[in-house]
Amino acid sequence: MSFTKKATAAAAGTLFLLGAVAAPSQAVGNNTLNDGLVNVTVGDVIVKDAVDVNVAAAVAATLCDVADIGSIAVLGEAVDASGNDATICDTATGPVRIVNN
């Protein structure tokens, strides 16, 4: 083999190996939007971690003494879709919020 062919083969092999190593190391975004799961917090304490939106709505409604769980579930779905937090009510221990997981 000529020197040029050896150098080309070595360079191609190196690029192949670098590509194989670099591809898995690239950070894939941890996208938890629209996964159907949210957290319920009171103040800075997580009461329920990564639960279904309907479960979160029931917990938040109980903590806030709210009868309309359906409207809280809609807020929970909006939180899951957008990633923005929603405060359901304020209690003596802090705000009851639904946040994206």
Original post:
Looking at the stretch 51-65, which of its residues are within 16 Å of ASP35 (Cα to Cα) and open to solvent by 40 Å² or more (accessible area, probe 1.4 Å)?
Top reply: ASP52, ASN54, VAL55
Original post:
Do any strands (runs of 3 or more DSSP E) lying entirely in the stretch 33-101 carry at least 1 residues that are polar (S, T, N, Q), and which ones are they?
Top reply: 37-42, 86-91, 94-100
**OP:** Residues being loosely packed, with under 15 Cβ neighbours inside 10 Å and at pLDDT 90 or above: count how many of those fall in the stretch 30-49.
**Re:** 7
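The values are calculated or read from the model by the stated rules, or taken from the named source; none is laboratory data. Predicted model, so just to flag it, every value in this text is computed and none were measured. All Cβ positions, even for glycine, are placed from backbone atoms using ideal geometry, and neighbour counts span all protein chains on display. Calculation scope for accessible area: heavy atoms of the full protein, side chains included, ligands and nucleic acids excluded. Shrake-Rupley method; radii C 1.70, N 1.55, O 1.52, S 1.80 Å.
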